[in-house]
1. Starting from the 7 Å offset along Cα-to-Cβ, what nm value, one decimal, do you get for the label separation of residue A:490 and residue B:352?
2. Quick check: the angle from helix A:339-351's long axis to the longest principal axis of chain A, C-alpha only, nearest 10 degrees?
3. Which residue, A:386, A:176, A:492, has the largest displacement toward the positive end of the dipole of chain A when charges sit on each Cβ (Lys, Arg +1; Asp, Glu -1)?
4. Please determine, in degrees from 0 to 90 and to the nearest 10, the orientation of helix B:304-331 with respect to the longest principal axis defined by the Cα atoms of chain B, where the helix direction is its Cα long axis.
5. Straight-line reach from residue A:129: which lysines fall under 16 Å, measuring Cα to Cα and dropping same-chain residues less than 8 apart?
6. Pull out the extension gain between residue A:60 and residue A:540, defined as 0.36 nm times the separation in residues minus the alpha carbon to alpha carbon distance; nm, one decimal.
7. With each label point set 7 Å from Cα along the Cα-Cβ vector, what nm distance links residue A:144 and residue B:511?
8. Quick one: with label points 7 Å out along Cα→Cβ, list the inter-copy distances for residue B:181 in nm, shortest first?
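Values in this text are rule-based calculations from the coordinates and carry no lab data. Since the structure is predicted, the reported quantities are computational estimates derived from the model, not experimental observations. Glycine also receives a Cβ, built like all others from the backbone with ideal geometry; neighbour counts cover every protein chain displayed.
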Number of protein chains: 2
Amino acid sequence: MVQDRLTKLRYCMKEKGIDFYMIPTSDFHGSEYVDDYFKVREYFSGFTGSNGTLVVGHDMAGLWTDGRYFIQAENELAGSGIELFRMMEEGVPDIPDFLKENIKNGQTLGFDGRTVSCKEGKELERKLKGMNIRISYEEDVAGNLWQERPFLPAHEVIVLPEEISGQSMEEKLLTVREKMKTSGAAYLMLSKLDDLMWLMNIRGNDVACNPVALSYGFLTPEELYLFIQPQEITAKFTEYASKNHIVIEDYENTERFLGGYDYEGKVLLDEGNINYTLYKILSDKAECVFESNPTEALKAVKNKIELSRMEEIYLKDSAAVIKFICWLKKNAGKEKITELTAAEYLDGLRREIPGFLDLSFPTISAYKENAAMMHYEALPESAKEIKAEGMLLVDSGGQYMGGTTDVTRTVVLGEISPEIKKHFTKVTIGMLQLTQARFLYGCTGRNLDILARQPLWDIGIDYKCGTGHGIGYILNVHEGPQSIRWRFAKGAAEAIIEEGMVISNEPGVYIEGSHGIRTENVIVAKKGEKNADGQFMCFDTLTFVPIDRDAIDTEFMQPIDVERLNSYHAEVYKRMKKYLTEEEEAWLKEATRPMEI
Amino acid sequence: MVQDRLTKLRYCMKEKGIDFYMIPTSDFHGSEYVDDYFKVREYFSGFTGSNGTLVVGHDMAGLWTDGRYFIQAENELAGSGIELFRMMEEGVPDIPDFLKENIKNGQTLGFDGRTVSCKEGKELERKLKGMNIRISYEEDVAGNLWQERPFLPAHEVIVLPEEISGQSMEEKLLTVREKMKTSGAAYLMLSKLDDLMWLMNIRGNDVACNPVALSYGFLTPEELYLFIQPQEITAKFTEYASKNHIVIEDYENTERFLGGYDYEGKVLLDEGNINYTLYKILSDKAECVFESNPTEALKAVKNKIELSRMEEIYLKDSAAVIKFICWLKKNAGKEKITELTAAEYLDGLRREIPGFLDLSFPTISAYKENAAMMHYEALPESAKEIKAEGMLLVDSGGQYMGGTTDVTRTVVLGEISPEIKKHFTKVTIGMLQLTQARFLYGCTGRNLDILARQPLWDIGIDYKCGTGHGIGYILNVHEGPQSIRWRFAKGAAEAIIEEGMVISNEPGVYIEGSHGIRTENVIVAKKGEKNADGQFMCFDTLTFVPIDRDAIDTEFMQPIDVERLNSYHAEVYKRMKKYLTEEEEAWLKEATRPMEI
């Protein structure tokens, strides 16, 4: 099937004089999850992972994806003739380098410019400079071949009252316009959906797991132009819009509007968060300032209301996970449970929590060796049955009116090897060590990463991902600018960890074909002592779910590690018992009892 | 006196139409130590610290220096009318910002362009752009007012045989020219003295503690032009020069030669390591490529011969320090010892070591609260007498034909407070924790710094300097590009830690008016396990001197910290006993006996 589709695509490419066609995985906003409408890459490759770019030439096809998906991609691409390019591995070229080596002078590279970020597009331009390459970005060549393509999603937007947002749109606009002034920009083009939702205090439902509406914002000195599908507008929103100088325009008119606008000053653009087509239009029509969206850093620092609502919802969310683990431990091996039904059970517990909107990402439920795939997705036809042995890794979270959650626990269901216990214990040590960090203001995630990773590096093990990511408030579960990782992509901005930033803390061990372990708490940065040496910072924990004692071997711990675990568990019991049934409480008491040093 | 000199300078500035005159502390090569000839800033300010820049206006004078010197500068500037600007402190402008705020449109800024790096000069140009400021850099206005100015130093150079350098100049030139090719440069201007010495396998004696000759190198596709004072040339060197395509030119002709050269390709320049005057000449005459000197990274990775000679000399150097500590502990309070005579005793022990050339920096011998000043220098008139109480911090090192050493120990001489013990113990934990780091290849010092610093951050204490610096081989004791620190100056390159890099590891505690603690070992990066997760790296230790058990309180240690200390001490005893007298050996045995967990 994939081969037939590629044949059609190549035929069409030939007609249009395109030699290589690139299909990334993206909507027009660089969202993390893409609606079915945007799954053009999946349609042409068969690879279902969330990250991947297909490059099609007349005598080759290649799929680039990252370490999370190597195993999955290998399986899904088998027999398709599509070559797998393992990103970041030694000797594997990235796409610009690959194209530079394979495209010939005078040839044409095609892609739908709305699905390619400005940064990526410019990088391609730079790489292919001097080779007389035409870049054809105006048309969705591949997407147009998809006959039964789904419609663009369009759901009504909701307006958050100030007791939920914690800050009015008016105040946010003031700060944003202040920052634009500093940058010398009269206009701000907002294409990143969570930034726009945050600024407007609205939410939508057009992207799976992200409560955002497909829309663009164009901020002028007087107005905010909102480009959105008319079906998404409610009477309440129309009223809100008129109070807040929001001018509503049709989503499909965005390009035409921006192409015809009369600019009287510079436009602030975030190269990494705008698509190539809009970039081409704006940079052609106006002088541009290339900076991060000023909204990004503002959104990352949660206000007091956001934080206090998050604290509360994390307790309720933790309770759902505790109930789930308690149920799972009791029933594994007794009734038929698969990776999928386990996830459904947990998802069901979340749905019962008042204020539940959606999952914050599809629950990862990975049994035994499946857990070695970091972003494994259990499928109905292949979901593993869970028995009273090995471990189940469950990474999950919810979107609630109180915030966005994210938590991972790896649950022991039977006998596990001493090696697995060692790995599990080291992961626990690292997670708690990072949580307990005291550090001077000015540190970025790059300074702190080793606190979580070092217990694993000590035994020659690494996890091929960052340790932590920012977390939104009723927004994306992955949010910038903060990030805890030991190295950054070249040129990537490293954000200082600010008070009020919410960050995940999730070291892990992934042994292909054997087991996967991840323990993830969510932490909040706050100010500690300030003295002559500077402002010290530390973290509070939001997540209160026991870490499986059955996989802890204190032989690998220092006394301080055991103390940290015991004191965390004491907090878990103290805070969580009130959310539980008598039976669950008894189980939790047992699960959180102190370990001996 | 300082005030008279400033008056004369201001008079001369007026004559030449200069409104602000800047006097940095630098020779023409950005060397760390400057010969008396170059101490113009000291002459005009009275401040004797090694780092500082004086800015003189017609109605102000300001001295900028770093945290190491705040206390010393306060004392030395008292009554001079010169304002102290504490660099890096909140609200303190750097010099370009200060000038931007204080210089007026159309005014003139003066400095001797040979004492200002190209980078600094360009930064000043950038800051003052659009203000119509004339920059007068061609004349040494202040230096010319110094009537009894010493002569430029000029000592004979020596050539290192290959059994000492480990690699011929011919081979080094091949690699350097290879790197120049990659950068598209036909010429390399080498102004940094240790880089030039390394490349040529020669050493000199024109800079205190740095075995380098005042010289410039200009590498063309065929020749290496060496600009050097004629007095420095020996018959042996003339012979070496003719074999190695070295063309000798007079040091004072450098500017004239470069101004008149017929360039047929690009010149590679290191902006941070060339003076502003040469930069102006070269960028005027030729197209320039601005990159780090290719020699810097090559020099930092020691070859096998260099490493094996360093290992050996570090043992002998450690023996001198052990003998010193043994003597000091025995005699403190019994005979009259001052900070200075203690340093002289240690320096004397080093001088007896075969191959001794010089100290690698002036020995820091700081008693009690003086140790809170990181780079304290004891002066004859004020050196403290050492009694059988408190602690003496001694930071010292030697230049030998076997390498360059650097070591710090803080020695207990009597009762010390529990707080000091706590600080000392935390410093020890951090130093050993960094030494024991296992990390993936690709880490820079910024990833690792927290391993040394975290035990102190945990108790709300920071040290206002990096944790470690690169160390030369019979060259500068401070060497790039590697550095272990948690933050870098904006735009500063961060070097990946490579196998063969030699680095200091020196956390500390500095409590103004009370005490100072530093424990410094020198470590060498090497490859560890390589597996599917990558190439792991670790460190070997070169320094084998006991860490004072009298200041260790195991109450603040985890078992692993005690194990690390005990196993280090076991190695110290095992390796060092053969260098000692019977009495010293007995003392060392006691000083290295295991502590109980």
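1. Output for this residue pair reads 5.5 nm.
2. The helix A:339-351 is inclined about 90 degrees to chain A.
3. Checked the options; the winner is A:492.
4. For B:304-331 against chain B, the angle is about 60 degrees.
5. Filter leaves A:100, A:104, A:119.
6. Working: separation 480, 0.36 × 480 = 172.80 nm, distance 5.09 nm.
Full extension of this stretch gives 167.7 nm more.
7. 7.6
8. Computed spacing set for this position: 5.7 nm.
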